[in-house]
Amino acid sequence: MKKTFLILTALLCLNAFFAEAKPVKRNFSYAMQRASEAYDNDDYDECIKWVKQELEENPKNGYALSFLSTMYYAKGNYGEALNEVENAIKLTPKKDKNWMSGNYITRAVINLELADTLAAIKDFETSLKLESENEPALIKYAELLYEMHDYDYSDEQFSKLIKLNPGQPLGYLGKGRNESDRKNFDSAVEWFSKAIKLDPENSTGYSFRGEALLDLGKYAEGVDDIIKALDIDSDNKAFYHLTHLPSSEAQDMAKVKLKVMQTKQPSNNYWPFALASLASSRKEYADAIPFYEKAYSLDPHPLFLKRIAKCLLEISNYDKALEYTDRYLEMEPEDVSIFDIRAELFSNKGDIENALVERNKIIVAYPEGGFTYIERADLLMDLNKPAEAVEDYETAVALMPELTTLPYLHTKLGDAYRFSGKDAKARSSYQRVIELEKDSIASAREWTPFALSALGRNQEAIKLSKQIVENDTTDLSGNLYNLTCIYARTGDNENALSTLRKAIKEGYKNYGHLKTDYDLHPLRKLPEFIEMVDALEKKMTNDNDKEQETDADISFVEETVEVPFTKEGGVTKVQCSINNLPLHFVFDTGASDVTLSLVEANFMVKNNFINKSDIIGAARYVDANGDINEGTVINLRKVNFGGLELDNVRASVVRNQKAPLLLGQSVLSRLGKIEIDNTGKNIKITHRIRK
């Protein structure tokens, strides 16, 4: 909740300097005017350059120092920002109360970044004494008081804001949020409704009101607001609530309404993505996959491939999931996070060696990441390399000392010490596990049974593990699996096998882990265990074979096409057609996105080359004359050049663009390998096509 509200206030707070004070005339030099222009264009480096030029000539210019402080703050240089605003407070003319008030706001904001809350409060109060009607100070101060749970005093500031500017929705949103935190949800809904009336195209009011309505149990109304917020600008807060709905009833409502939105906006990939995310939140991973595939067909973004891989991981379709990670890597070779998924996939397949390869890649990329050493150590334990595992566990603790509060870590470290012959250290680690979990209820003492079994207290370990199975039904198959491990660790193979059978019946499906988990080493050669593992693997494989065919089932071959281009004014131009309208585009490997000129966009709308369903995105609007506006996101259904056809290309409409269409990396990256032959004036594109 905090971040959502901060987004609304940050710009107002940082712009406080630049409001014009009525009684004070500020004669800015040429350098200061250029600095102000650069600031307005978010070009902070350019702004700093001009401000420094001004300060060389006028080192005691408090206004310039204010600019400089704000720029340093925007760049995250809080120490320099604080120094400069201190100087600005000393050198700004005292009669310019508006500007001085802004200086204190900036120092307060910087102090908040430096975790000096008391200093920030003092600065906000000073700012408001200088100028009681300073909106940014009221907003930011009220926000700080909210974070401190001082709702009454926060309300006072928001009330002042409403009185000062009754048409500004932030005051109503703030009071509504305070009421929500007090659990006065009916009152909160009233305040949020007022904010929505003032600004019906702002998603924030709907996402906050939707949250309050859900808390009241008014699921239909709450879901309506969540969907409305998502429709306006893919609101992050609304998306969170979509994936954390309080009941299956609300989830069912949301699913129906999302499908309605998908029907109304068939070119908008956000709705199948939302449907997929909702299904994943319900752990309906097989149902989520077709929605992610639909989203990918509308906009081949690599994120959807990663999400599909995760869903396939959850339903134990490891081979197909690996194929999706391969495809993802073709598009995002620098994303290290995909190696984490691949490591888990290989581990679940029982291929520990390849899982280790993936973990090593992460450590090479981020050697300071403590958790990855734990994950690699776990693999080393399954490979019966406890001494190497000890080194990794200890490295993790050295990098992240806070990990010493994790019972899991001490359990694994104790096992690694024990298997390395370091019995005293092992006992110390196991005792630490018991100590860390001693104040928890029985069902939360997940690792204590493992420690007890290693200390020879077998009956206590079994008894506690059974209690966890009985008292915690949220993960019955996982708790039964842990009980299986406890039986195996204590040498009771018969009960271990019967409990494992129950775990599989309750839904345990990780057959690869059964093959490698060192806790189950005593069972590994038993015929009944081998039969169970083989049967589970066969079942999971057969179940996955019955799933609906996806792109991963289809064979691909590589094809190279050559597309001729011309050079004009130093840019590469290629003939193309958009929805069968002949045009040309600029082939720009340096651009990140696809853009369409405003002239061509309006021509295409008025001549039916673009229809209403093609207008999508956060800036989805057409004015009263039927014209597209700058910033609108368009779906280009068909883009063809050189016989190479792309479906559903996203393009943002821009005003000042000479080329009708500029293709950037968001599309080029999905084409495949690109080579530019300047001699032959051809673009060679090697891409995958279905057999």
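Structural remarks
- Relative to the longest principal axis of the Cα atoms of the chain, the long axis of helix 270-281 lies at roughly 40 degrees.
- Only Lys, Arg, Asp and Glu carry charge here, each on its Cβ (+1 for the first two, -1 for the last two); on that basis the chain has a dipole of about 580 debye about its Cα centre.
- Dipole magnitude of the stretch 168-256, debye to nearest 20 (Cβ charges: Lys/Arg +1, Asp/Glu -1, about Cα centre): 240 debye
- Here the relative contact order of the stretch 121-256, from alpha carbon pairs under 8 Å that lie six or more residues apart, stands at 14 percent.
- Sorted by Cβ neighbour density within 10 Å, fewest at the top, the residues 609, 28, 208, 587: 28, 609, 587, 208
- For the chain, with +1 on Lys and Arg beta carbons and -1 on Asp and Glu, the positive-most of 542, 331, 639 along the dipole: 639
- DSSP bridge orientation in the chain - percent antiparallel, rounded to nearest 5: 85 percent
- Annotation: lysines with alpha-carbon distance below 24 angstrom to residue 606 (same-chain offsets under eight excluded): 264, 638, 658.
- Each stretch of four or more DSSP H residues adds -39500 (n - 2.57); spread over every residue of the chain, this sum gives -19500 deg cm²/dmol at 222 nm.
- When restricted to Cα atoms, the stretch 168-256 yields an Rg and a Dmax of 11.9, 37 Å, respectively.
- Restricting the stretch 432-476 to trypsin sites (Lys or Arg not before Pro) that sit in a DSSP loop and have at most 15 other Cβ atoms within 10 Å of their own Cβ leaves 438.
- Crossing angle, helix 458-471 versus the chain [Cα axis fit, 0-90 degrees, rounded to tens]: 50 degrees
- Percent RCO, i.e. relative contact order, over the stretch 451-528, from Cα pairs under 8 Å lying at least 6 residues apart: 27 percent
- C-alpha center-to-center spacing [the stretch 80-126, the stretch 144-181] in angstrom: 22 Å
- Extreme residue, positive dipole direction of the chain, given options 464, 77, 453 (C-beta unit charges): 77
- Packing-based ranking of 279-288, 447-456, 676-685 yields 447-456, 279-288, 676-685, ordered from highest to lowest mean Cβ neighbour count within 10 Å.
- Centre-to-centre, using Cα atoms only, the stretch 37-64 and the stretch 466-495 are separated by 67 Å.
- Look at 539, 310, 412 and count the other Cβ atoms within 10 Å of each Cβ; fewest to most, that gives 539, 310, 412.
- Counting only lysines at least 8 places from residue 75 when in the same chain, those with an alpha carbon closer than 27 Å to its own are 2, 3, 49, 52, 60, 90, 97, 122, 140, 237.
- For the stretch 171-181, 3J(HN,Hα) computed residue by residue from phi via the Karplus equation (6.51, -1.76, 1.60; θ = phi - 60°) reads x, 5, 4, x, 5, x, 5, 4, 5, 4, 5 Hz, glycine and proline entered as x.
- In the stretch 382-502, lysine pairs closer than 26 Å at Cα, eight or more apart or cross-chain: 16
- Taking every alpha-carbon pair under 8 Å whose residues sit at least 6 apart, the chain reaches a relative contact order of 7 percent.
- Taking the inverse of the mean reciprocal distance over all distinct Cα pairs, the Kirkwood hydrodynamic radius of the chain comes to 30.0 Å.
- For the stretch 88-96, 3J(HN,Hα) computed residue by residue from phi via the Karplus equation (6.51, -1.76, 1.60; θ = phi - 60°) reads 5, 4, 6, 9, 6, x, 4, 6, 7 Hz, glycine and proline entered as x.
- Centre separation in Å (Cα based) which lies between the stretch 201-253 and the stretch 280-327: 25 Å
- For the stretch 256-375, a crude dipole built from +1 on the beta carbon of Lys and Arg and -1 on the beta carbon of Asp and Glu, taken about the Cα centre, is about 740 debye to the nearest 20.
- For the chain, the residue among 374, 99, 117 whose Cα projects farthest onto the positive side of the dipole built from Cβ charges is 99.
- Helix 302-314 and the longest principal axis of the C-alpha atoms of the chain enclose an angle of approximately 30°.
Rule-based calculations on the coordinates, nothing more; no lab input. Computed from a predicted model, the values in this text were never measured in an experiment. Here Cβ is always computed from backbone atoms with ideal geometry, including for glycine, and neighbour counts include all displayed protein chains.
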